[in-house]
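Only the coordinates and a few stated rules stand behind these numbers; no lab work does. Every value quoted in this text rests on a predicted model; they were computed, and no experiment measured them. Virtual Cβ from ideal backbone geometry, glycine too; neighbours counted across all protein chains shown.
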Amino acid sequence: MFVSDFRKEFYELVQSQRVLLFVASDVDALCACKILQALFQCDHVQYTLVPVSGWQELETAYLEHKEQFRYFILINCGANVDLLDILQPDEDTIFFVCDTHRPINVVNVYNDTQIKLLIKQDDDLEVPAYEDLFKDEEEDEEHLGNDSDGSEPSEKRTRLEEEIVEQTRKRRERREWEARRRDILFDYEQYEYHGTSSAMVMFDLAWMLSKDLNDMLWWAIVGLTDQWVQDRITQLGGRCWSVAHGWWGLKGRHRKRMKYVTDVGILQRHVSRHNHRNEDEENTLSVDCTRISFEYDLCLALYHHWSLYDSLCNTSYTSARFKLWSVHGQKRLQEFLADMGLPLKQVKQKFQSMDISLKENLREMIEESANKFGMKDMRVQTFSIHFGFKHKFLASDVVLATMSLMESPEKDGSGTDPFIQALDSLSRNNLDKLYLGLELAKKQLQATQQIIASCLCTNLVISQGPFLYCSLMEGTPDVVLFSKPVSLSLLSKQLLKSFVCSTKNRRCKLLPLVMAAPLSVEQGAVTMVGIPPETDSSDRKNFFGRAFEKAAESTNSRTLHNHFDLSVIELKTEDRSKFLDALVSLLS
């Protein structure tokens, strides 16, 4: 059931207990975890943290710890499946679920004893009504033959006929109700999408408790930005993202399309409250102060920590618009730089080393030239943080760095688990780990653009009829960087954007994409992900989760649905052909 009062029904309940935190492997979950950890440390709540990357790890970890804990908190996992059916808990076990995955499983919604959903109900949840899904069992057998011996045979026959007619009517109504229930559930469950950031939900809790700190606010910002970077929530183009220009008046589907800008507006008010300083205070800031600011910044990946040239070449938006995988695209980039009047020597050195006179007007110069080249979304509403006077990071910088640390196939020299390393990088006293993450993120972005260029230049993206398909071969350079679901999903989305910009086939521009990458030679399996179409009106809802499930069932393909995102599966390489044939048939 939905928790209506987070303070009384959740926090005050667990405050005096030992609790177990199950945290999914994504940046938003890490940020929510950091906020909750800070609250627990403030109130001396005893907790154990267990990272989980999929359903198998969650089940194993629960079985290992279920005897020691009664209260379990799940962050970004558990909402979109029947949790009680999967974990088979004791009757006194209680699960608190804070998860962005939608739709929420209806059993979780209507279980009022063991499942407590820490989810904002002002999200557009569209949960079906209880009476449409659950029916109290009625007594089907009618007790016949209790008539008195004195009854006339004709009266008995009449009553028996009436009872048969009544039973037939009830059976027909039951069949109709079950058919209607199947249709309602199909409509509700067919699309996968994401709701409000879990980090934002946890920050709301901290605010309700009057324990919200600037660090917590920053983690909430990073959690929301993670959803934006991964294209998980609806958003508008940069030229339309100003609250001042009247978007608040929009209704219906237009309001749904502005989820990101709405949440940015909420966080902006908190930023103003926490970081309001007058001029005298600004001049007396300490060297280790933390300051968050709202700003319109360039939609260029890591450009503060890279060269402007490298950032332009490895940002998905500019790479796709210029078509940098082609000679013509490289020429257009040179023309773009010339139009701004920026010498190559300046744009190819580190941003921090550029002439101050150029840096001061850089945003305006880039935006003006970008408009001439048909790129109208070069600026985005975002937030930045200053640690003292030296260190400045955009929220998207932190997302990419943390994600790269968590998805890295290699452990650092100390052997630290990637999850813990990523979690530590979010603390301001671990800036060395954050900078390490930035370097890994640069390698990831470069590898992404190289693979996209290879796929497009060798025509690896092919039409299967109802969808596009691309498969990365074993031995592809840096393919190991994309064996994990988050990095493969990001690669797939960026490949689809680039393909849409490059193809002249109008029909192909409207198709979704299925992408496969080798998981491991030993297992003989691939990771497969489905991405919805790349259109301006896209509501970011993904139908591939249910489609993958049905295709696997109809062909007995050996698949593993182990990821919290249902649109990501693991598939035996030998079964790929029949699985894809079934998927084509299903979606045609």
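Each peptide in 566-577, 523-534 gets a packing score, the mean of other Cβ atoms within 10 Å over its residues, and the list from highest to lowest is 523-534, 566-577.
A Cβ-based charge dipole, computed about the Cα centre of the chain with Lys and Arg at +1 and Asp and Glu at -1, lands at about 3480 debye.
Could you compute the FRET efficiency for Glu295 and Leu185, with r as their C-beta to C-beta distance and R0 at 35 Å, rounded to 0.05? Before the final figure, lay out the partial values.
On the way: r = 45 Å, r/R0 = 1.27.
With a Förster radius of 35 Å, E is 0.20.
The residue list Ile366, Ile385, Gly54 was ranked by how far each Cα lies along the charge dipole of the chain toward its positive end, using unit charges on Cβ atoms, and Ile366 comes out on top. Starting from the Cα of Gln17, move 7 Å in the Cα-to-Cβ direction to define the label point; list residues of the range 71-103 whose amide nitrogen is under 11 Å from there. Flagged as within label range: 71-73, 92-97. Remark: the Lys359-Asp92 segment gains 90.1 nm on full extension, using 0.36 nm per residue and subtracting the alpha carbon distance.
What are the membrane-span-like helices in the chain by this rule: whole DSSP H runs, Cα extent along the axis at least 27 Å, mean Kyte-Doolittle hydropathy at least -0.5?
431-457
Multiplying the residue separation of Ser272 and Tyr110 by 0.36 nm and removing their Cα-Cα distance gives an extension gain of 54.5 nm.
Give the calculated FRET efficiency between Gln464 and Asn430 to the nearest 0.05, with a Förster radius of 51 Å applied to their Cβ-Cβ distance.
Values: r = 45 Å, r/R0 = 0.89.
Step by step, r from the Cβ atoms, then E = 0.65.
Take each of the peptides 422-431, 38-47, average the number of other beta-carbon atoms within 10 Å over its residues, and list them starting from the highest. Please report the intermediate quantities before stating the final value.
On the way: 422-431: 18.0, 38-47: 14.2.
Ranked from most to least packed, the peptides come out as 422-431, 38-47.
Which shape class, rounded, prolate or oblate, goes with the chain when its Cα gyration tensor gives a ≥ b ≥ c as root eigenvalues, a/c under 1.5 marks rounded, and past that a/b bigger than b/c marks prolate? The shape class here is prolate. Relative contact order for the chain using alpha-carbon pairs under 8 Å, separation at least 6, rounded to a whole percent? Computed over the chain, the figure is 13 percent.
Ordering Cys77, Gln446, Leu488 by Cα displacement along the dipole of the chain toward the positive end leaves Gln446 in first place; charges were set at the Cβ atoms of Lys, Arg (+1) and Asp, Glu (-1). Each peptide among 457-470, 71-84, 170-183 gets the average number of other Cβ atoms lying within 10 Å of its residues, and from highest to lowest they stand as 71-84, 457-470, 170-183.
Arranged from fewest to most other beta-carbon atoms within 10 Å of their beta carbon, Arg232, Arg169 become Arg169, Arg232.
If we count other beta carbons within 10 Å of each Cβ, what is the order of Phe543, Phe548, fewest first? Intermediate values should be presented prior to the final figure.
Working: Phe543 15, Phe548 26.
Neighbour counts put them in this order, fewest first: Phe543, Phe548.
Put in line by how crowded their Cβ is, counting other Cβ atoms within 10 Å and starting with the fewest, Ser557, Ser489 read Ser557, Ser489.
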